[in-house]
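The values are calculated or read from the model by the stated rules, or taken from the named source; none is laboratory data. This structure is a prediction, so every number in the text was calculated from the model and none was measured. Virtual Cβ from ideal backbone geometry, glycine too; neighbours counted across all protein chains shown. Remember, those area values only see protein heavy atoms, side chains included, never the ligands or the DNA or RNA. Shrake-Rupley method; radii C 1.70, N 1.55, O 1.52, S 1.80 Å.
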Amino acid sequence: MITIPLMGNRPLSHRFSYSISPLYELAASLHTLAQPTPPEHFSPWIHEKLSHFQVVRLMKDWEYFLPLFRFAIPDSFDPYQTKGVMAVNDQYEYFVTLTTPHFLKSLTKALDAWNAHHDQPEVADDLREDPEYVKGRFSLFISSYWQLSFESNWEEIAPEFVKEAERIHHSLEDHASLSDLLQGILPAIQLDAEQLTLACPHKGQTHEAQKLILYPSYYYAGEPLVTVKDADVHLLYSFTTPSAPTKNAL
């Protein structure tokens with residue numbers, strides 16, 4: 001269990017915030033595309049997207065990188081660190097300047113999960129032999145996917161993020177509104193207005209965190225995901241599908 005102390009004389013925005021990243025949403029869409037049995041409400045979109053991959057000649061690259069998205073979203077897409085990465089030039093620059101060790105580390109969880117269920121993929125062999133090649137090919141694929149395919153999707157769903165951001169902003173006006181919002185996302189979260197603490201479920205020892213950062217997602221269709229990074233709690237959730245039992249990470 002993680003506890004977050006509230007400050008009675010400070011605005012709730014000092015302890016709670018949110019982050020929206022187009023680049024993370026792109027990665028979430030690839031995570032959904034990589035599922036063998038994707039959510040039914042995404043089926044028409046997935047059929048259209050995979051057909052379009054054939055048209056714009058991205059299918060070969062997609063099959064190559066699919067193992068990196070089947071079981072996880074690489075940490076290099078973390079919405080907190082990519083929230084300012086918008087246009088295709090920004091995205092390409094982000095991955096070009098990302099160090100190779102950081103890039104390799106961001107793929108570890110995804111590859112370990114893939115290898116637990118399947119034979120080692122070609123991309124894993126290439127990462128071991130020539131990580132710079134894979135990194136360059138990866139950044140080109142992501143930039144091409146945005147420019148040729150996903151940018152129009154982002155323009156369509158961006159107004160939905162504006163609505164969700166407004167909902168979060170209004171919830172920070174008082175404890176009751178915040179509690180309603182958080183329990184709607186993750187029912188196990190408990191806000192104690194008298195003791196001025198928020199308790200969030202998480203595996204491991206009980207400890208205190210400084211902030212809770214919300215990450216609303218349109219294309220992420222998994223369970224609400226709680227992670228701890230440094231002194232903050234991060235809560236990723238879908239705002240387009242019903243909430244599911246919580247999944248803990250890290």
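Is it fair to say Y24 is open to solvent by 40 Å² or more (accessible area, probe 1.4 Å) and farther than 21 Å from H118 by Cα? Spelling it out, it is not the case that Y24 is open to solvent by 40 Å² or more (accessible area, probe 1.4 Å) and farther than 21 Å from H118 by Cα. Q35 falls short on exactly one of the conditions (1) open to solvent by less than 70 Å² (accessible area, probe 1.4 Å); (2) at pLDDT 95 or above; (3) out of contact with any Pro (no Cβ under 9 Å at 6 or more places or on another chain), and that condition is (2).
Conditions tested, residue by residue: (1) part of a helix (DSSP H, G or I); (2) over 24 Å from A158 (Cα atoms).
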| site | (1), (2) |
| --- | --- |
| M7 | no, yes |
| S13 | yes, no |
| L23 | yes, no |
| S29 | yes, no |
| S43 | yes, no |
| K49 | yes, no |
| Y64 | yes, yes |
| F71 | no, yes |
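Take segment 97-142 and flag every residue that is open to solvent by less than 60 Å² (accessible area, probe 1.4 Å), assigned to a loop (DSSP other than H, G, I, E, B) and within 14 Å of F69 (Cβ to Cβ). Listed by number, the list holds a single entry, P121.
When E164, E160 are checked against the criterion of being surrounded by 15 or more Cβ atoms within 10 Å (Cβ to Cβ), charged (D, E, K, R) and touching a residue at least 60 places away in the same chain (Cβ under 8 Å), a single residue qualifies: E164.
Here F16 clears all of (1) open to solvent by 20 Å² or more (accessible area, probe 1.4 Å); (2) over 14 Å from F141 (Cβ atoms); (3) in contact with a Leu (Cβ under 6 Å, 6 or more places away or on another chain) except the condition numbered (1). Restricting segment 33-88 to residues that are out of contact with any helix residue (DSSP H, G or I) (no Cβ under 8 Å at 6 or more places or on another chain) and acidic (D, E) leaves a set whose member that is nearest to Y18 (Cα to Cα) is E40. Considering (1) in contact (Cβ under 8 Å) with a residue 12 or more places away in the chain; (2) over 19 Å from S139 (Cα atoms), the lone condition that K105 does not fulfil carries the number (2). For residues that are over 21 Å from the mean Cα position of the chain (by Cα) and without any contact (Cβ under 8 Å) to a residue 12 or more places away in the chain, scanning just segment 175-191, find the one that is farthest from S217 (Cα to Cα). Across segment 175-191, the extreme among qualifying residues is Q190.
Quick grid of which residues meet (1) open to solvent by 30 Å² or more (accessible area, probe 1.4 Å); (2) modelled with pLDDT under 80; (3) of a type in the set (A, V, I, L, M):
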position	(1), (2), (3)
K203	yes, yes, no
T206	yes, yes, no
P224	no, no, no
L236	no, no, yes
P245	yes, yes, no
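Considering segment 73-95, the residues that are in a helix (DSSP H, G or I) and of a type in the set (D, E) include one that is most open to solvent (accessible area, probe 1.4 Å), namely E93.
Checking the stated criteria, K49 turns out to be in contact with a Ser or Thr (Cβ under 8 Å, 6 or more places away or on another chain) and open to solvent by less than 80 Å² (accessible area, probe 1.4 Å).
Taking the conditions (1) farther than 28 Å from V162 by Cβ; (2) open to solvent by less than 60 Å² (accessible area, probe 1.4 Å); (3) of a type outside the set (V, I, T); (4) assigned to a helix (DSSP H, G or I) in turn, Q54 satisfies each one other than (2).
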